[in-house]
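Shown next, in structure tokens, is the structure this report addresses.
Throughout, read-outs are computed from the coordinates displayed, never taken from laboratory work. Because the structure is predicted, anything quoted here is derived from the model rather than measured.
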Amino acid sequence: MLRSVAMTGRTFFVFAALCFAAPVAAWADHPGQAKLVDEVAHDTGKDPAALNALLDEAQRQQTIIDAMNRPAEAKPWSDYRQIFMTQARIDAGVAFYRDHQALLEQIGAKYGVAPQYIVAILGVETFYGRNTGKYKVLDALVTLGLYYPPRATFFRSELKTLLELPDSQLAGPLDTLNGSYAGAQGWGQFMPSSIRDFAVDEDGDGRIDLQNSLPDILGSVANYFAKHGWVAGAPVAARAQPDAAAKALTVKDSTPQWTIEQLEAWGYAPLQHLDPGAMSSLQTFQGANGPEYWYTFQNFYVITRYNRSPMYAMAVHQLAQAIVDGVNDQESATR
């Protein structure tokens, strides 16, 4: 028995290497990592060893998967609205607007986007930059792209895009970036593909910095809206009142598909003057006092390109309205 397990020094060294080195390498490789690295290296010319080193440091985080499985959008509108329409968030938005009014109005005019909606996006996403996320972006996208089958296709694509982005489009070294549990970054919470496609170097310093450059942050949100079809001066949403015989409608998304005139003929009366020929959708929200019916227009649809939830778009709209009302009230009081 003792003889059968006896080893020379060289044999023991090989045995130890197999026992201890191999498991470390296997643990470091995430599922699909080799293929992902090959694709990024092929498409960008980046060093595979450097890419592997980055990914080897990323960790699967169960808390990220848990957060993905309980989105805020699962709440009814009456509860969801209370998250964002707080007096503290409105007051902070008014203060932010007034502190940066010249820059906001300059960017709003350049891109044709109402400044209060740029501010409201920052308010809903990160409380005006105060909470940009606690997760490492690499951890989030590795977890969701390589370990979360329900959304793996989307998040793997975002992980690949992140690895492909040049340093000039990131707020810092890739392995130091923090963001949301979904891998979104900066004050406006841009996913990697949105940084690639819509982020802008508004301050002209040769770098896109969505964490530290306010011109880049505001310009990127405005450009995102503009590129998705924002219509300057057009409405976003307006209340509707159904009558007892109103036609039941099946609404798949917020794409404008009926005229106001048609919806009114089906029993949904506007509570303010609207262009009868304007194209609209009709959204129903479960409010604190029962169902709420809203005409929603092209600009509402544009907000849903930022986040597909109609409740998200309505929260942005109502926060924007509260902010601009607060700004106007303060300006009137100082005249």
Report the full-extension gain for the segment Ala67 to Leu174: residue separation times 0.36 nm, less the Cα-Cα distance, to one decimal in nm. 36.3 nm
Candidates Ala199, Ala245, Ala237, ranked by Gaussian network fluctuation over the chain, Cα under 10 Å, top entry: Ala245
Once Phe154 and Asn289 are pulled to full extension, the length gained, defined as 0.36 nm per residue separation minus their Cα-Cα distance, is 44.9 nm
Provide, as a two-decimal number, the C-alpha radius of gyration of the chain over 2.2 N^0.38 Å, N being how many residues it has. 1.26
Evaluate the relative contact order of the chain (contact order divided by residue number), counting alpha-carbon pairs under 8 angstrom at least 6 apart; express in whole percent. 18
Which of Lys35/Lys227; Lys136/Lys160; Lys136/Lys227; Lys227/Lys252; Lys35/Lys136 have a Cα-Cα distance over 27 Å? Lys35/Lys227; Lys136/Lys227
In deg cm²/dmol, rounded to the nearest 500, the helical mean residue ellipticity at 222 nm of the chain, built from -39500 (n - 2.57) for every DSSP H run of length 4 or more, is -16500 deg cm²/dmol
Taking Cα pairs closer than 8 Å and at least 6 residues apart, the relative contact order of region 222-271 in percent is 50
